[in-house]
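Since the structure comes first, as structure tokens, the remarks are kept for the end.
The values are calculated or read from the model by the stated rules, or taken from the named source; none is laboratory data. Remember, it's a predicted structure, so these values are computed and weren't measured experimentally. Cβ placement follows ideal geometry from the backbone for every residue including glycine, while neighbour counts extend to all protein chains displayed. These area figures cover heavy atoms from the full protein model, side chains too; ligands, DNA and RNA do not enter into them. Shrake-Rupley method; radii C 1.70, N 1.55, O 1.52, S 1.80 Å.
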Amino acid sequence: MFSNRLFNILVPIISVLLGLISGAIIMLIFGYNPIAGFAALWNGAFGDAYFFGETIRQVTPYILSGLAVAFALRSGLLNIGVEGQVFMGWLASVWIGISFELPMILHLPLAILAAAIAGAFWGFIPGLLKAKLGVHEVIVTIMMNYIALYLSNSIVRNLLSDGADRTENVAATASLQSNWLAEMTFYSRIHYGFIVALLMALVMWFIINRTTTGFELRSVGFNQHASKYAGMNVSKNIILAMVISGAFAGLAGAMEGLGTFGFMSIKSGFTNIGFDGIAVALLGANTAFGVILAAFLFGILKIGALNMPTAAGVPTELVEIIIALIIFFVASSYMIRWVILRFKKEGK
Amino acid sequence: MEIIELISRILGASVVFATPLIFTALGGVFSERSGVINIGLEGLMIMGAFVAIVSNLTFYSVFGSATPIVSLIIAMVVSAIFALVHAVASITFRADQVVSGVAINFLALGIGLFLTKQWYDKGQTDFIESPIYSSNVPLLNKIPILGDMFFTGWYWTSYLAIALAFLVWFIIFKTPFGLRLRSVGEHPMAADTNGINVYKMRYIGVMLSGAFGGLGGAVYALTVTHNFSHGTIVGQGFIALAAVIFGKWHPLGALGAAIFFGFAQSLSIVSSDIALLENVPSVFMLIAPYVLTILALAGFIGRAEAPKSLGEAYVKGNR
């Protein structure tokens, strides 16, 4: 009765609902009004043009980091290293942005391309190790995250500035920022990057669903041995999947470097764009369209949450718990399937 | 004489950083030997650190000088229960173990910060009144040279960590329980056929990792940071996971790897005192542990063999 397709749509929706209900229960336990809490969250994301602009600003890198994780997952690889690839992309885009004087038509694409290449390179290393030596990509990418963090901090301090905590702003010819959009949204940090993000979602959909390469990548994700037997080059596809995944992640970094901030600063810890991308991809069922929807949901939750302490007295961190629970529910989809099937049986 | 002083300083600093890693890595060994990947070690450490700080602040008036020990025990128990979430999701509900572990990390930080806001009305807790202090071992610290190196100014938890590593080695490799735990991680169906309850063993493995991970986080909080905030545990859990793999899933290997990582971390702090390392940019010291782990994994330092069924949910009756 229930097709797989329907399950794939039902599971994320039920997971989100369960996550939100859990959030409401937590609010009740701690004596908050859940309706006021969620109303504050909604207003915090859509209340006026400024909040809306900020929400879009947050959604932009989420789409790209979600695409990065989803693309690798389609080939059976878990890229936890999106975080590090974001750092490298951020660094590369800002580096190009501050060190050249070019007309915009060359400068901006060059900076964005540099970010994609830097991210791709950071994905290439774990891909190569996985393909040639069978090293588990999860551990390597975790390690690569830390290397990226410390390396980019050091480069910002020693090469891109004179021992300062941040670089100078990127040249206007390499910036994604837009006065027009900012004015329209009461000077939120919204930028043209979301066009890039949506375009990339289209690119991912096209590669995965409409090209031979995409077919091979998916095939390797389903069954490496069968793919090899069918004459596909498994190693090549693993490396390619990590490289493309890393390129998406690098672009997410460019969104921050060229759009939101316009510079790179020394970071004491991770940005969480990459880690949240894992949640986005899982919830979006690893499809391009699903990733966009999931990125919007998490962007709304994150930005809306900032309004919760002032409007309803609820600590912002509640949203982190809700997001964690949503991931749990999606991951435990076996449980949701089992419950649905149980109900079906009893209904008969 | 100066060189001995220097060595004992480096050793002391290494051990301070290594101790929480040893505890947590031992927990990781338990979980992964039973066949369950535990990326959630970071979250378990966060939970342990949070609970230890809160119970230390709350119960100081009751237990006085025994507070640190009480806090450690509470942290272990709560983290073991918290690890149940990972166990239920990944063993019973067959969730992807890596994803479930990632969710554990999110959840622990979310809960910790949410409750901190709730109870203390700010982003971090107060500083505790009863941390664990470093001390000298009486008599033994009088031994020339060795006394300075190993028995002066260490925390008692460091000795506990090293002793536990040997205890865990004994449990995993010399007892029937350890044999069952390992068999469940290598070939769950064979174990099941021989009457071992695969699910029970895996639950025990994950809960032990919760207890040890919690202890690791608690020790870090009580010896190093003395309060809880979003920056208390940043990555130590992942380093502990690296230590598990670097140590080839062996308790004593994990011990060695953890001490090595502690040493690498302390180097970036004390390297300014060492003439040889003075001119090496600190970034190389910072990334050294991670680069070495990748090299180790790539087989340059000997091949690491993971438990055979690591990461696979066991479904009764499937072949």
For this session: Could you order A:LYS236, B:LYS117 so the one with the most accessible surface comes first? Probe is 1.4 Å.
Result: A:LYS236, B:LYS117
Problem set entry | Positive-end residue of A:GLY214, A:PHE51, A:ASN79, charge dipole of segment A:48-313 with Cβ unit charges | A:GLY214
Exercise. Using unit Cβ charges (K, R positive; D, E negative) and no other charged atoms, how large, in debye to the nearest 20, is the dipole of the protein assembly as shown about its Cα centre?
Worked result: 2540 debye
Problem set entry | Neighbouring partner chain Cβ atoms per residue of A:319-326, average, 10 Å criterion | 6
Problem set entry | Globularity ratio of chain A, using Cα Rg and 2.2 N^0.38 Å | 1.03
Exercise. Hey, got the average number of other protein chain Cβ atoms within 10 angstrom for residues in A:269-281?
Worked result: 2
For this session: State the volume of the convex hull built on the alpha-carbon positions of segment A:56-164, expressed per residue in Å³ and rounded to an integer.
Result: 120 Å³
Seminar exercise, completed: Judged on accessible area alone, 1.4 Å probe, highest first, A:HIS225, B:HIS187 line up as A:HIS225, B:HIS187
Problem set entry | Average other protein chain Cβ within 10 Å of Cβ, residues B:109-121 | 5
Seminar exercise, completed: If N is the residue count of the protein assembly as shown, its Cα Rg over 2.2 N^0.38 Å rounds to 0.96
For this session: Just name one of A:LEU108, A:ALA36, A:HIS225: the one whose Cα is farthest towards the positive end of the charge dipole of chain A (beta-carbon charges, Lys/Arg +1, Asp/Glu -1).
Result: A:HIS225
Problem set entry | Inter-centroid distance (Cα atoms) of segment B:45-122 relative to segment A:272-331, Å | 22 Å
Exercise. Cα centroid distance between segment A:1-75 and segment A:79-140, in Å?
Worked result: 28 Å
For this session: Would you mind putting B:219-229, A:183-193, B:26-36 in packing order, based on average other-beta-carbon counts within 10 Å, highest first?
Result: B:26-36, B:219-229, A:183-193
For this session: Report Rg/Rh for segment B:1-137, rounded to two decimals, where Rg is the Cα radius of gyration and Rh the Kirkwood radius.
Result: 1.05
For this session: Could you tell me the distance between the Cα centroids of segment A:150-171 and segment B:196-264, to the nearest Å?
Result: 33 Å
Exercise. For B:LYS316, which lysines qualify as cross-link partners when the Cα separation must be under 20 Å and same-chain residues fewer than eight apart are set aside?
Worked result: B:LYS200, B:LYS308
Problem set entry | Relative packing of B:239-250, A:167-178, which averages over residues the other C-beta atoms within 10 Å, highest first | B:239-250, A:167-178
For this session: Keeping to pairs on different chains or 8 or more places apart, tell me how many lysine pairs in segment A:48-313 have Cα atoms under 26 Å apart.
Result: 6
Seminar exercise, completed: Measuring from its Cα centre, chain B shows a charge dipole (+1 at each Lys and Arg Cβ, -1 at each Asp and Glu Cβ) which, in debye to the nearest 20, is 1100 debye
For this session: Let me have the 222 nm mean residue ellipticity of the protein assembly as shown computed from DSSP H runs of 4+ only, each contributing -39500 (n - 2.57), with the sum over all residues rounded to the nearest 500.
Result: -23500 deg cm²/dmol
For this session: Once you've got the GNM for chain B with C-alpha springs shorter than 10 Å, pick whichever of B:GLY210, B:GLY112, B:GLY153 has the biggest mean-square fluctuation.
Result: B:GLY153
Exercise. Taking chain A as a Gaussian network, where each spring joins two C-alpha atoms under 10 Å apart, which residue of A:GLY119, A:GLY37, A:GLY304 fluctuates the most?
Worked result: A:GLY37
Seminar exercise, completed: With Cα springs under 10 Å, the Gaussian network model of chain A assigns the largest mean-square fluctuation among A:ALA72, A:ALA249, A:ALA331 to A:ALA331
For this session: Taking the dipole about the Cα centre of the protein assembly as shown, with the C-beta of Lys and Arg at +1 and of Asp and Glu at -1, give me whichever of B:ALA103, A:ALA68, A:PHE7 is farthest to the positive side.
Result: A:PHE7
For this session: Leaving ligands, DNA and RNA out of it, rank B:ASP148, A:ASP165 by accessible area with a 1.4 Å probe, largest first.
Result: A:ASP165, B:ASP148
